[in-house]
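The values are calculated or read from the model by the stated rules, or taken from the named source; none is laboratory data. Owing to the predicted nature of the structure, the values given are computational and were not obtained by experimental measurement. When we count neighbours, we look across all protein chains shown, and the Cβ atoms used for this are built from the backbone with ideal geometry, even at glycine. Accessible surface areas use protein heavy atoms only, side chains included; no ligands, DNA or RNA. Shrake-Rupley method; radii C 1.70, N 1.55, O 1.52, S 1.80 Å.
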Amino acid sequence: MADQHRADVLVSCLHGRAPEFIPALREEIERRGLAEEVKVVETGCRGFCSMGPVLTIAPPGTFYTGVTAADIPEIVEETLVKGRVVQKLLYKEPSGRKAVQRYDEISAFAKQQRIVLRNCGMIEPTSIEEYIAVGGYEALGKALTTMTPDAVIAEIKKSGLRGRGGAGFATGRKWEQTRQAHGDVKHVIANGDEGDPGAFMDRALMEGDPHSVIEGMIIGGFAVGASQGYIYVRDEYPLAVKNLGIAIARAKEFGLLGHDILGADFDFEIKIVRGAGAFVCGESSALMQSIEGKVGEPRAKHLHATERGLWDRPSCLNNVETWANVPHIINQGAEWFASIGTERSKGTKAFCLVGKVRNPGLIEVPMGISLKTIVNEIGGGPPRGRKIKAVQTGGPSGGCIPAEMLDIPVDYETLSEAGSMMGSGGMIVMDDRTCMVDISRYFLEFLKDESCGKCSTCREGVKRMLEILTNICDGTAKESDLPMLEALAKTVASSSLCGLGKSAPNPVLSTLRYFHKEYEQHIHDKYCASGVCRSLVAYVITEEKCKGCGLCVKACPQDGISGSLKQPHEIDQVKCIHCGACFDACKLDAVQIVPRAMVVDGKVQVPVITNEGPKRPGGPLDVPVRNVTTPGGNGGNGHGAPKGAKR
Amino acid sequence: MTKTTLTIDGQLIQADDSMTILEVCRKNNIPIPTLCYHPVLEPYGACRLCTVEVKQKGRNWSSLQTSCTHPAWDGLDVQTNSPEVREARKMVMGLMLSRTPNVPVIQELAAEYGVTEPPFHVEDPNEKCILCGLCVRVCNDMVQAHVLNFSGRGADRKVGPPFMEKTRQCLGCGACTIVCPTGAIDIVLEEAGVYAAKPLGPTSAIYVPSLQAVPRVPVIDTDSCIRFRQYDRSLGQITDACGACQQLCEAHAIDFTQKDEIVELNVGAIVVATGFQMWDSSKLSQYSYGKSPNIITGLEFERLSNAGGPTLGQILLADGRKPETVAIIHCVGSRDKNPNAHEYCSRICCMYSLKHAHLVRDKTHAQVYEFYMDMRAFGKGYEEFYERVQEEGVVMVRGRGAEVQVLPSGKLRVTGEDANLGKLVAVDVDMVVLSSAIEAPADASKVSALFGLSRTADGWFAESHPKLKPVETNTDGVFLAGCAQGPKDVPDTVGHAGAAAAAVLGLLNRGEVTISPATAEVNRTRCVGCGDCLLVCPYTAIARVDGKAQINAALCKGCGTCVATCPSGAIEAWHFTDEQIIAQIEGVLEWA
């Protein structure tokens, strides 16, 4: 049906607050008599997560952020009817607050290269017609009608595409192994389990452009000689399941799935299998067990899945994002793909940039771009007044790259050499208010919950590592804890059965490598300089700096700060729950984070003089402290808690 | 399956790629510790203890792998005891010991790697399960009862039946208790309640009947064997469950498809020597048989005392202690007018009770109380033995043991009347031996139907004449030997059996047999083949031959039953034909 509407209103953030105004939007368009001219499209993710809901009016590509139901009449009136721009809804650049009208003029967008995500937010995900209209299924046609399976494999090999699930295995080689394996019945599988906390690239892809994954899988099936494909989607993504289901059905109607596809004497079917809430089912052998209906437990992988995988048949398992790259490589050629990225890591990668940046969201960048560019130019840098401390990549299997190393290019090898890994694409930015010990504790807690429990080293080892880290964060650590933690990490990494266990110690090992001092402070000084580990801190107001503005009083949930206007205030150490709200509220750097040991009988034993410079926790232990009475006689240098101090 | 050569601890070893590194090591006596491995089950790789250091062919870096799962590929370089391996095993044992600190096998293994104290916080000091999965694998893959499985994820993982509830699917086969390395699983017999005793009989479905068995090879009891019990109704055949014995037998001597062989022999004489069975002592509930593992029958005591038995001849209580007091009760189920007991005297029990009393005194020096009614010491040297046993200090209580009570402490209280003292006595003992009745075997009625035997009122097979023909039966050619005819002890049985053998020899050596001429004969023209006569003949002398009845004159006793039964009047009794009888009647009437 050819409808000649003049503009699309592409609405994103369907999991956010967009559903609150979409009905109103449609009604208003109807009411203004524009229903024939303007089409509302519920579309995929555009990536500006802190500015949602976003919508784009295309043409010309006017991009509005933070849209609410109240804005709808104005949008329809000004932009759709009169063709004018609603200034207050435009995207503002983080530096300089300059307003940008069109999506592709946004600087954060300019640094990206959206290949896999190019249709997300641009087309209606379930519309196969729109997918075809923007070039979809051309690659399938090219592969099936002009190439042999071996030629397709050769092209993928030449492109240098590597698995986007995290391990980065050469995709072409995996396809070749599957093709060469013995067996009449083979399978291709898409891993859409995406269990890493903070990762949602595959989600956006499956929800926003399901046909790209399907097309990639059909081409893959053709190449390796498989006629049955499976997409394993985590059950927590119902919209992905729904959209993939619709896409599969439409593809079948168009003869792109099923029998004798495009007359090439090739049969292919795809089934969706839903996960049941286990992170470990993202591990390839556990995933295959899950598809078979068994408990998702990994097995020893001496025999690769490409030889004996699903139901003991040769199976080619790739991440959803890997599959989505395939049509582009076939269409534009291996050389084009290989021209993007670095020597060893070709193409682009989708990341979920989250945490302490002004512009968090879903991005796609060429390999080789530096972390610094990603964080500062795409992410907009840290919020005002904060400094970046580290960037965590690779989810629970990855590690932290400290701020000093942010110049490194993003590439499979450089990230592993730095003690982290590419992972599936989670990228968490941390500032000086993040405790690195707490971060490794957080990831271990996640892994302890998600460990399948089969092998003793992961099941018991991760549990014991978590115990030690919890003790460290609670202030009950012993001297022997750090060596024991390292010994445990070594055995868990070397002796566990699957990737979950083998990589479980990575967060601990990488934070120990770059932030050893924080661990030492936690264990020896019982002090958490970032204020996160509540048992290890106390908050103190420095008289000299406090101007008595009262912001902290308002922030304190315990009503624990007293003082008259314009007079220095005081924190009641008995009422204080160490939440840090006062620290965050104070604009004058007057609140200090000190070791808990300094509070004795409800009083701060050591009066402290603050340091100069911008607000920086790590406070009194880094600078000389005057007028100190330390019973232990540490004189002059405030290092360590006073001896004999009660906790 | 290709042949491979790999290096293990510097030695070049031949193997093939269908084996795992662990199997190769076991074959070559290279020690590798394991917990979750069993040769008959699929390897699982859960405990990580069998970790070895492996360098793949052509690479110069090594990794730690579990030897139970890693195939013995060509060109591998394996170190089974390098510092890396020991370090990993030490940590694994440290983790295990912290989970199950009081399991001896875990303590021993941990000590081998220098771990003597749990290095981490112990949550449950009574925990025994190490989640090795052996019980799960044996129950699902081998026994195929599908009762046990893992539930819960990660640190919450546990093993048990669905929802940790008792299930009737459990066969009580005990396979899980056998494979469990830490003794975390117990078998509890529900009806008995207190059973934890060593069984006196065979402990597995495949067993050697006794040390004196000829031939001395194992047999499979198909009633308890899991493979035969797991009969697949849908397929109408036994399943392939278990089969552990077949997998382990190096001589490949086990064949589950063996069928009973039916052999047909034509013989001139049959000796029925089908013996006796023990009367079920639980039929009289006052003796509490079955309520305590320390109340046993005389036969069970024989097994206990046998040097080839479960305790190698030691007299022990169920929990392994030596008894300090034992009571032996005579006439349990014999000389008893109760409907579920026997009125007759079982003959052998007085003497074997004295023997048991003597054995107990000799082996344990326990105090023995014998509750008897009469002491039937009728044979050669028997009375003298009775005297000797009394001199050994056995306390003889003349009065039937009336009741055995199981006390809460586990001791047994025997009450009875001491007729010599004229009062009721009670004594608390550790063990009670019931000298229970012996009776004809349960299938005696089938045997008697088969051979045309009658039975006396007491259930034993009937001899031809109680005084003069103890081994013959009313069916010619069928003889009785031993207890089949009635309770008797070994000397009497030997005598009886010798008589039966002599009778057989006499019969067979005769060549010609003289029989009474008064037999019956069938007129084949008149016989319609109805078969009524076959049913009524007490001597099974009639057979169907070519559709008509035919009488075996050697077996026929001339009783005349068939003559009277035949509806066609086709059978005549020689010397008792209708004409002869009528002539006799006429003759008598002439006189009247």
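Structure notes:
- Matching strands (runs of 3 or more DSSP E) fully within segment B:473-592 where at least 1 residues are closer than 30 Å to B:Ala440 by Cβ: B:478-480, B:542-545
- Only one entry of A:Thr491, A:Thr470, A:Thr511 meets the criterion of being of a type in the set (Val, Ile, Thr) and open to solvent by 20 Å² or more (accessible area, probe 1.4 Å), and that entry is A:Thr470.
- Taken over segment A:8-20, the criterion of being modelled with pLDDT of 90 or more and among the small types (Gly, Ala, Ser) is satisfied by A:Ser12, A:Ala18.
- From the options B:Thr456, B:Thr415, residue that is among the polar types (S, T, N, Q) and in contact with an Asp or Glu (Cβ under 7 Å, 6 or more places away or on another chain): B:Thr415
- In segment A:440-467, residue surrounded by the fewest Cβ atoms within 10 Å (Cβ to Cβ) [restricted to those that are closer than 21 Å to A:Gly277 by Cβ and more than 10 Å from every other protein chain (Cβ to nearest Cβ)]: A:Glu445
- Scanning segment B:67-96 for residues that are within 10 Å of another protein chain (Cβ to nearest Cβ) and assigned to a helix (DSSP H, G or I) gives B:Glu84, B:Val85, B:Glu87, B:Ala88, B:Arg89, B:Lys90, B:Met91, B:Val92, B:Met93, B:Gly94, B:Leu95, B:Met96.
- Only one of the numbered conditions (1) free of Cβ contacts under 8 Å to residues at least 24 places away in the same chain; (2) more than 14 Å from every other protein chain (Cβ to nearest Cβ) is violated by A:Cys546, and that is (1).
- Residue ID - surrounded by the fewest Cβ atoms within 10 Å (Cβ to Cβ), chosen from residues in segment B:133-159 that are more than 9 Å from chain A (Cβ to nearest Cβ) and in contact (Cβ under 8 Å) with a residue 60 or more places away in the chain: B:Asp141
- Of all residues making up segment A:335-366, the number that are small (Gly, Ala, Ser) and either over 13 Å from the mean Cα position of the chain (by Cα) or surrounded by fewer than 18 Cβ atoms within 10 Å (Cβ to Cβ) (or both): 5
- Single residue of segment A:49-61 satisfying the filter (touching a helix residue (DSSP H, G or I) at 6+ places or on another chain (Cβ under 8 Å) and modelled with pLDDT under 90) that is least open to solvent (accessible area, probe 1.4 Å): A:Gly61
- Any hit, segment A:67-74, residues being in a helix (DSSP H, G or I), touching a Phe, Trp or Tyr at 6+ places or on another chain (Cβ under 7 Å) and either among the hydroxyl-bearing types (Ser, Thr, Tyr) or open to solvent by less than 20 Å² (accessible area, probe 1.4 Å) (or both): yes
- In summary, A:Thr476 fulfils each of the numbered conditions (1) part of a helix (DSSP H, G or I); (2) within 12 Å of chain B (Cβ to nearest Cβ) with the single exception of condition (1).
- Some residue of segment A:488-499 being part of a helix (DSSP H, G or I) and either away from chain B (no Cβ under 14 Å) or touching a residue at least 60 places away in the same chain (Cβ under 8 Å) (or both): yes
- Scanning segment A:243-276 for residues that are within 23 Å of the chain's Cα centre (by Cα) and away from chain B (no Cβ under 14 Å) yields A:Asn243, A:Leu244, A:Arg274.
- Residue check, B:Ser448 within 24 Å of B:Gly495 (Cα to Cα), without any contact (Cβ under 8 Å) to a residue 24 or more places away in the chain and touching a Phe, Trp or Tyr at 6+ places or on another chain (Cβ under 8 Å): yes
- From A:Lys575, A:Lys566, residue being in a loop (DSSP other than H, G, I, E, B), modelled with pLDDT under 90 and surrounded by fewer than 19 Cβ atoms within 10 Å (Cβ to Cβ): A:Lys566
- Tally, over segment B:18-56, of residues that are assigned to a helix (DSSP H, G or I), away from chain A (no Cβ under 14 Å) and not charged (D, E, K, R): 2
- Residues that are in a helix (DSSP H, G or I) and among the hydroxyl-bearing types (Ser, Thr, Tyr), drawn from segment A:514-528: A:Tyr514, A:Tyr519
- Hits in segment A:277-308 - residues which are of a type in the set (Gly, Ala, Ser) and either assigned to a loop (DSSP other than H, G, I, E, B) or within 11 Å of another protein chain (Cβ to nearest Cβ) (or both): A:Gly277, A:Ala278, A:Gly293, A:Gly296, A:Ala300, A:Ala305
- For A:His182, the stated conditions do not hold, so it cannot be described as in contact with a Phe, Trp or Tyr (Cβ under 7 Å, 6 or more places away or on another chain) and either at pLDDT below 95 or not assigned by TED's automatic domain parsing to the domain that holds A:Arg46 (or both).
- Hits in segment B:573-592 - residues which are aliphatic (A, V, I, L, M) and either under 25 Å from B:Cys562 (Cβ atoms) or surrounded by 11 or more Cβ atoms within 10 Å (Cβ to Cβ) (or both): B:Ala573, B:Ile581, B:Ile582, B:Ala583, B:Ile585
Yes or no, residue by residue, for (1) basic (Lys, Arg); (2) under 32 Å from the mean Cα position of the chain (by Cα):
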residue	(1), (2)
A:Thr146	no, no
A:Ala151	no, no
A:Glu155	no, yes
A:Ser159	no, yes
A:Phe169	no, yes
A:Arg179	yes, no
A:Phe200	no, yes
A:Gly208	no, yes
A:Ile219	no, yes
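- Residue count for segment B:343-372, restricted to those that are modelled with pLDDT of 95 or more and in a loop (DSSP other than H, G, I, E, B): 7
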